[in-house]
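Asks: Before anything else, here's the structure in question.
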Amino acid sequence: LKAAKLNPEQIDFIEAHGTGTALGDPIELESMAAVFGKRPQNRPLIIGSVKTNLGHLEGAAGIAGLIKTVLALQHHKIPPHLHFQQPNSHFDWSSQIFEVPVHGKNWHPSQRERIAGVSSFGFSGTNAHIIVGEIASNSPQPSEQKFYLLPLSARSQKSLKELAKNYQYALNESVNFADTCFTASTGRAVFQHRLCVLADSNTTAEKALADFQKGEDSDNLITPITSETQTKVVFLFSGQGSQYSGMGQTLYNQEPVFKNTLELCDNILQPILGKSLLDLIFQLQNSEQLEQTQITQPALFSLEYALAKLWQSWGIQPAALLGHSIGEYVAACLAGVFSLEDALQLVVQRGRLMGELPHNGAMAAIYADYQTVADHLTPYGNQVNIAADNGAINVISGLSEIVEQLEKSFMEQGYKTRRLAV
């Protein structure tokens, strides 16, 4: 239930192991009562077992129950539990809201998902309790397209054009574009003359390769790439102020490594924060909490850490790690300075201490050079200071009302500003 993020009352039906013995059935019923027993009076937990139809299939008993449950979901009907005449007297049926479907039950789709549990226990095979549910018809499906990189290289420009032509013809043969990109990325030598196609389908990639052969520009082409040396990659992690509700949602939905890493952070943080990190990041109603420093910092750390792990799973290893503010902790963790568990403990305490500071401050990025910004701050003494000198963009920090005044002043003079969420 915890893994599925469900409550006990959301389970409509249990496909029980159901040995039909005086000892086994009461133990199983008491276990179900302990876990699933708290539910509304008008929604009993329906229980049945396919053994009344087939007998005990020993090692195959669990899969038989799973097949029955999937068919029940498919046909919107819970089959009758056969030969049920006298309830087991070793269990107090009056204390629980259980129902045995002796005549079968209609199981039509409703406002909520139809969800069932399947138990499989025995001396051989797999001991498990799994949860099976329908795919909700109103569930939002990710609409984002997946893009892939197709890298091609050759010893000369002429050979590169010939290679592009060959790939264009190959893509016309209904090959799997993702597989083609993977093979080209991992199974081909890298030569001096290179190009890269960024596309979501064979058709898009074919057109980009045709444009390359004609010498025409294309939004899906990355060229020329002529360096033979392996470029070193540096991972840079940002600080507080870059967070927003729903950040990383697409990656969470589409990339298993990112999803699993973020959920690992969530499991570590839940006992410390007393709430779900995933709910704080992805649920819009929690956007105000996400702005609180004690929540922002562990949220950003977890997101940046998961993103780095995703890049590494793609084979991109950093030659160096660099971070600003909370990003420094991500860099240190990935460098092996401390474990993920210790890093998250430290980040939570850091955020809590910073969150206890007065809340009458603000920060804003001013798109102007250091001296211009410094000149504007002179009249305000130490009430506002330059917090970060980033060349053409400087961050100011100080009392909220003065920061707001300065923002207006800069905008009136044609400078761009951006208030930071911190």
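The values are calculated or read from the model by the stated rules, or taken from the named source; none is laboratory data. Since the model is a prediction, treat every value here as computed from it, not as a measurement. Positions of Cβ are backbone-derived with ideal geometry, glycine not excepted, and every protein chain shown enters the neighbour counts.
Asks: Tell me whether region 254-263 contains one or more residues that are farther than 18 Å from A308 by Cβ and either of a type outside the set (S, T, N, Q) or part of a helix (DSSP H, G or I) (or both). Explain how you work it out, then say what you get.
Replies: Narrowing region 254-263 to residues farther than 18 Å from A308 by Cβ: none.
There is no residue in region 254-263 that is farther than 18 Å from A308 by Cβ and either of a type outside the set (S, T, N, Q) or part of a helix (DSSP H, G or I) (or both).
Asks: Sticking with this structure for a sec: So, in region 88-109, exactly how many residues are surrounded by 12 or more Cβ atoms within 10 Å (Cβ to Cβ) and touching a residue at least 12 places away in the same chain (Cβ under 8 Å)?
Replies: 14
Asks: Hey, another quick one. Examine region 78-94 for a residue that is polar (S, T, N, Q), at pLDDT below 90 and within 22 Å of E9 (Cβ to Cβ), and state whether such a residue exists.
Replies: yes
Asks: In region 33-85, what count of residues is obtained for those that are closer than 19 Å to V132 by Cβ and touching a residue at least 60 places away in the same chain (Cβ under 8 Å)?
Replies: 9
Asks: Does H83 satisfy the condition of being farther than 22 Å from R43 by Cα, out of contact with any Cys (no Cβ under 9 Å at 6 or more places or on another chain) and not in a helix (DSSP H, G or I)?
Replies: For H83, the condition - farther than 22 Å from R43 by Cα, out of contact with any Cys (no Cβ under 9 Å at 6 or more places or on another chain) and not in a helix (DSSP H, G or I) - is met.
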